[in-house]
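Participant: I have a structure I would like to understand better, so I am pasting it below and will then ask my questions one at a time.
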Amino acid sequence: MDGFNYNRIVLVADNAPNEGLPDELYNRESDKAQSNNVSAIKTALEIICKEVVFYDSIEEFTYHTSEHINDLVFPYWHGEKSRNKQALVAAVCEAAGIKYVGADAYTNIVCCDKMLAKDICRMNGVLVPESICYNRKITLSDLPNLKYPIIVKPNYEGTSIGISQNNLILLPDYKKVVDVVNELYENLGEQVIVEQFIPGKEFSVSMIGWRDHIKVWGAVERYSEKDELYFESHLHSHQDKIKENICLRNAKQYMTASIMTRLFELFDSLDKVEYIRIDGKYYNGNFYCFELSQDTTLAPDGAFFKAIAYGGYSFKEAVNLLISNCLERYNNLCPNQ
């Protein structure tokens, strides 16, 4: 690719202390990239290229964009207290004419809005749970007839912020639904989703590619060693993530050709996404998507890289594939950029 400096990559990442997730259920600091994950990515990038420039401040990166016109930016920014947080680095890069890895600003915004993401899924034939969304506190009269069990969750947050087992309502209880909706709204001040809970196995499907050129994909199942049926009647809650009591195992064998065809079409429709983790439940031979994670945690032992590892890739090889895949997309779709 003419004019690209292959020897320098710019890593833009928040850098939260490696102390585990905060105990507080509504603490948005939970969504920041922790320093151990940032260090792992930086080390892998330093093996791939000669120089890695690191910014842990959006403002600092924006101030220095003129120095990086011929570099490639690797965004790993999660922690701004804004519903636009994951889109900020991509937006700055596009405004400055800098190439970058991963989802563009539009895809970041769409995927971070769980209700909009469901619309994108439906357009591509991917099954999603039935849901309704509220942008205010509610009363009993605001609730339609609901199919129980249901889950109540915030529309924009990641890392299970605001989600405890109390958010899962197994038996009809309209008052509890109202109470949980209002508690979430009071603490987070954002849209709240009331969604049909799908029992079954909880999967994450990960893929790397561009448009219909899928380079590698894999799937992992989340499970509890103490209870194989855990996700039949439990959520992957914030407390589960703090205690790290949920394990991962290969689940690619469950993903049929028809399921993957729809997921590949979904990936293609997002255009500049390049890598994604699609979370959902496997029930009665079908996959129901409940979240698109274009901003997936890139921890070496996390669900995204674990799924790719089952395809034979080491962490360094997978990071290298993210870079080469991005450059290939630019070369094919934007040859003059």
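The values are calculated or read from the model by the stated rules, or taken from the named source; none is laboratory data. Just so it is clear, the model here is predicted, and its values are computed rather than measured. With ideal geometry, Cβ positions are generated from the backbone for all residues, glycine too; neighbour counts draw on all protein chains shown.
Participant: Can you name every residue in the range 96-141 that is touching a residue at least 12 places away in the same chain (Cβ under 8 Å) and of a type in the set (Gly, Ala, Ser)?
Facilitator: The answer is Ala96, Gly97, Gly102, Ala103, Ala105, Ala117, Gly125, Ser131.
Participant: Say we look at the range 316-331 and pick out the residues that are touching a residue at least 24 places away in the same chain (Cβ under 8 Å) and more than 16 Å from Pro300 (Cβ to Cβ); which of these is surrounded by the most Cβ atoms within 10 Å (Cβ to Cβ)?
Facilitator: So in the range 316-331, the residues touching a residue at least 24 places away in the same chain (Cβ under 8 Å) come out as 316, 318-323, 325-331.
Retained after the next criterion (residues that are more than 16 Å from Pro300 (Cβ to Cβ)): 323, 325-331.
On the way: Ile323: 18, Asn325: 19, Cys326: 22, Leu327: 15, Glu328: 16, Arg329: 20, Tyr330: 17, Asn331: 13.
For the range 316-331, the residue satisfying everything is Cys326.
Participant: When only residues in the range 216-241 that are of a type in the set (A, V, I, L, M) and surrounded by 15 or more Cβ atoms within 10 Å (Cβ to Cβ) count, which is farthest from Ala303 (Cα to Cα)?
Facilitator: Residue satisfying both the conditions and the ranking: Leu235.
Every residue, every condition in (1) modelled with pLDDT of 95 or more; (2) assigned to a strand (DSSP E or B); (3) not acidic (Asp, Glu), yes or no:
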{"site": "Gly218", "(1), (2), (3)": "yes, yes, yes"}
{"site": "Arg222", "(1), (2), (3)": "yes, yes, yes"}
{"site": "Leu235", "(1), (2), (3)": "no, no, yes"}
{"site": "Gln239", "(1), (2), (3)": "no, no, yes"}
{"site": "Asn245", "(1), (2), (3)": "no, no, yes"}
{"site": "Leu248", "(1), (2), (3)": "yes, yes, yes"}
{"site": "Ser258", "(1), (2), (3)": "yes, no, yes"}
{"site": "Leu266", "(1), (2), (3)": "yes, no, yes"}
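Participant: Here's another thing I want to ask about it. Could you check the range 268-278 and list, in sequence order, the residues that are surrounded by fewer than 18 Cβ atoms within 10 Å (Cβ to Cβ) and either over 21 Å from Val89 (Cα atoms) or touching a Gly at 6+ places or on another chain (Cβ under 8 Å) (or both)?
Facilitator: Narrowing the range 268-278 to residues surrounded by fewer than 18 Cβ atoms within 10 Å (Cβ to Cβ): 268-269, 271.
Of everything in the range 268-278, those that are surrounded by fewer than 18 Cβ atoms within 10 Å (Cβ to Cβ) and either over 21 Å from Val89 (Cα atoms) or touching a Gly at 6+ places or on another chain (Cβ under 8 Å) (or both) turn out to be Asp268, Ser269.
Participant: Does Asp295 fit the bill of being touching a residue at least 40 places away in the same chain (Cβ under 8 Å) and surrounded by 17 or more Cβ atoms within 10 Å (Cβ to Cβ)?
Facilitator: Spelling it out, Asp295 is indeed touching a residue at least 40 places away in the same chain (Cβ under 8 Å) and surrounded by 17 or more Cβ atoms within 10 Å (Cβ to Cβ).
Participant: Next question. Checking Ile208 against (1) within 30 Å of Leu333 (Cα to Cα); (2) buried (at least 18 other Cβ atoms within 10 Å of the Cβ); (3) over 20 Å from the mean Cα position of the chain (by Cα); (4) not aromatic (Phe, Trp, Tyr), which test does it fail?
Facilitator: Every listed condition holds for Ile208 apart from (3).
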